[in-house]
Amino acid sequence: MDAPKSKKTRAKNDAGDFPQGAPEEQDEQEAGITSDQLEQIEKIGAVTAGGGRHQIHCLTIVGQVEGHYILPAQNKTTKYEHVIPQLVAIEESPDIEGLIIILNTVGGDVEAGLAIAELIAGMKKPTVSLVLGGGHSIGVPLAVSAKKSFIAPSATMTIHPVRMSGLVLGVPQTLSYFDKMQERIVRFVTDNSGVSADRFKQLMMNTGELVTDVGTVLDGEAAVKEGLIDQLGGLSDVIASLYDMIEDGKEPAE
């Protein structure tokens, strides 16, 4: 009988020193992730998981949402040209049954963020979002774009007016442009959540909370209380909700 491996030997093997003849892929599969899935995560920050009752796709939106301009290399970004084709492929795939969107974003390009949010809101497949850490600025429309939204109790969401950095013309037309863009955000958020337009604008224009800015920071409980997010919860709650939506959609019509 072979003697059991010591903890030290097992730790060494886990670190990458595989015994002769033992393929690395086998250890990856035993860990619950394949080499193809690992490559997918590294390239685009997404993965299609098929180990549960249903095959679902997990999309992460982290850092800054990058739009028409490339951000500096040191910035953590989500590129909308990577996300949009994924959403189209998910909607068209006969194998993928639902989508989870994980958000931890400081915001970013308004038009790019709204484009992604509109695509998610227009999907027929079940979609659930989860805000972890933060869902700030344009992250708010992204969070409410799913058919059901969750937020971790420790997460926060910052609601503030539209801003632009760099050189701008100090003319009435510039202010009018900002107002129209802001109205698009307000309309989308109120159409896809339980918060009213008046209340959302009030939170957006609050001058008594942020030291150097206008707006409001909501924690998880406050975001649910305001009707912005549907429910407090974590990953297991999100998966359970998505499974319920998938299975309800498969029930035959009476």
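Every number in this text was worked out from the coordinates using simple rules, so none of it is lab data. Since the model is a prediction, treat every value here as computed from it, not as a measurement. Note that we place each Cβ from the backbone using ideal geometry, even for glycine, and neighbour counts take in every protein chain shown.
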May I ask you to list the residues in segment 86-118 that are more than 19 Å from Gly63 (Cβ to Cβ), buried (at least 18 other Cβ atoms within 10 Å of the Cβ) and hydrophobic (A, V, I, L, M, F, W, C)?
-> Ile90, Ile96, Leu99
Kindly indicate the residue of segment 119-143 that is without any contact (Cβ under 8 Å) to a residue 40 or more places away in the chain and among the hydrophobic types (A, V, I, L, M, F, W, C) and also surrounded by the most Cβ atoms within 10 Å (Cβ to Cβ) among those meeting that condition.
-> Ile120
Restricting attention to segment 56-84, and to residues there that are charged (D, E, K, R) and under 18 Å from Gly134 (Cβ atoms), which single residue is surrounded by the fewest Cβ atoms within 10 Å (Cβ to Cβ)?
-> Lys76
Log entry, pairs with first residue in segment 38-55 being within 15 Å of Pro94 (Cα to Cα), second being among the acidic types (Asp, Glu) and outside any strand (DSSP E or B), beta carbons closer than 9 Å, six or more apart or on different chains, reads Thr48/Asp95; Gly50/Asp95; His54/Glu97; His54/Glu247; Gln55/Asp95; Gln55/Glu97
Within segment 93-108, how many residues turn out to be among the small types (Gly, Ala, Ser) and touching an Asp or Glu at 6+ places or on another chain (Cβ under 9 Å)?
-> 1
Looking only at segment 172-228, and only at residues there that are in contact with a helix residue (DSSP H, G or I) (Cβ under 6 Å, 6 or more places away or on another chain), within 20 Å of Ala112 (Cβ to Cβ) and of a type outside the set (A, V, I, L, M), the one that is surrounded by the fewest Cβ atoms within 10 Å (Cβ to Cβ) = Phe188
